[in-house]
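In what follows, a single structure is set out as structure tokens and then discussed.
Derivation of every value follows stated rules applied to the coordinates shown; laboratory data play no part. It should be emphasised that the depicted structure is a prediction, and the values quoted were computed from it without experimental measurement. Glycine gets a Cβ as well: all are built from the backbone with ideal geometry, and neighbour counts include every protein chain shown.
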Amino acid sequence: MGPLTADAPMLQASTVTLDVLHTGVLWGWYVTMNMWAKSVGTGVLLVGVAMMHRYGNSRAFYRRWMPLVGFVFIQVTLLFTVLDLHQMFRFWHIFVFPHRTSAINIGAWLLTLYTGLLGVMIVAWWKKHERLYDRLLLPTVVVAFFATIYTAALLGQANARELWSMPTETAQMLLAATLAGSAAFLLLGAPSDEESVSLGWVLSLSASVALVIFIGEVVFAPGKSEEAEYVIHTLLSGRLGVLFVSGLVIGFVVPASLGFFSAKVNRPVALRFAAVAGLAGLWMVKHAWLIAPQLLPLS
């Protein structure tokens, strides 16, 4: 546009907008609830199927609780998924106009399919169609596995977030599922002391391995970049330090310690306490791990 002159008609002044990267938190506690509830919803199936095949006498217990608990918590996952959308009443666009390279889109399809399979399993259990129920187990486990790890792909697509690398996030998603699934069955009350001990071992091992991975990230991530060093500082001694460190202790150290101890001497009350601590601490750690990288300005 040339300069305005007295003879030229007055033109409407143009507005210049400078587009800058958003430096605030876009993924808040809604996303944390999504990941936490998904861990429970998929974990009960992954852990339950293994327990059902190992302890054939308790198949009725796992047949009942796997689809029921899974269905409830997946509905919580879907609820917070929709609530987190900027245009929540347009969520149907995901299904009508699919984007096959989007982790969010793929995850929505997986969770919807998983919900449908769990619904059919509930009906099969209610109607005592054991043959149909057993046929649905394998495809439902496969869908549950991918529904568990798709969030790792979503986080891995984020730019300049070294802490959200897909390999470690995939492992953490699976460990969160086995931790949450075993905790859920311990709170429901295992059918036998032997099964309670087995669930305690699953809880303890999941918490221990997850803790080792987090410690490894905390120790070695600062060497990746100055940005990663800033994020680790935020997690350990910054504004999220109390939440993150407390979450590691409550969610991983306590369940691992109590689980190993109770597995040897069979203390059901201690195992239930470990289960509650594991679920609570898992939420705290997931939330801190999600928020910390978003506090780093990208511009």
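Quickly work out the Leu68-to-Lys224 label distance, labels modelled 7 Å from Cα along the C-beta direction, and quote it in nm with one decimal.
For Lys224 paired with Leu68, the spin-label model returns 4.2 nm.
Enter the mean projected area of the convex hull around the alpha-carbon atoms of the stretch 128-251, in nm², rounded to one decimal. Each step should come with its number before you reach the end.
Numbers: hull surface 38.8 nm².
Convex hull of Cα atoms, orientation-averaged projection: 9.7 nm².
For the pair Leu187 and Phe273, how long in nm is the line joining their label points, each one 7 Å along Cα→Cβ?
About 1.7 nm separates the two model spin labels.
With N set to the residue count of the stretch 29-295, report its C-alpha Rg divided by 2.2 N^0.38 Å to two decimal places.
Numbers: Rg = 18.7 Å, N = 267, 2.2 N^0.38 = 18.4 Å.
For the stretch 29-295, the normalised Cα radius of gyration comes out at 1.01.
Under the 0.36 nm per residue contour assumption, what length would be gained going from the current alpha-carbon distance of His129 and Ser165 to full extension? Don't jump to the answer; show the numbers that get you there.
Values: separation 36, 0.36 × 36 = 12.96 nm, distance 4.28 nm.
This chain segment gains 8.7 nm when fully extended.
Only Lys, Arg, Asp and Glu count, each charged at its Cβ (+1, +1, -1, -1), so figure out the dipole size of the stretch 29-295 about its Cα centre, rounded to 20 debye. Could you put the intermediate results ahead of the total?
Working: 18 positive and 12 negative charges, 176 e Å.
Around 840 debye, computed over the stretch 29-295.
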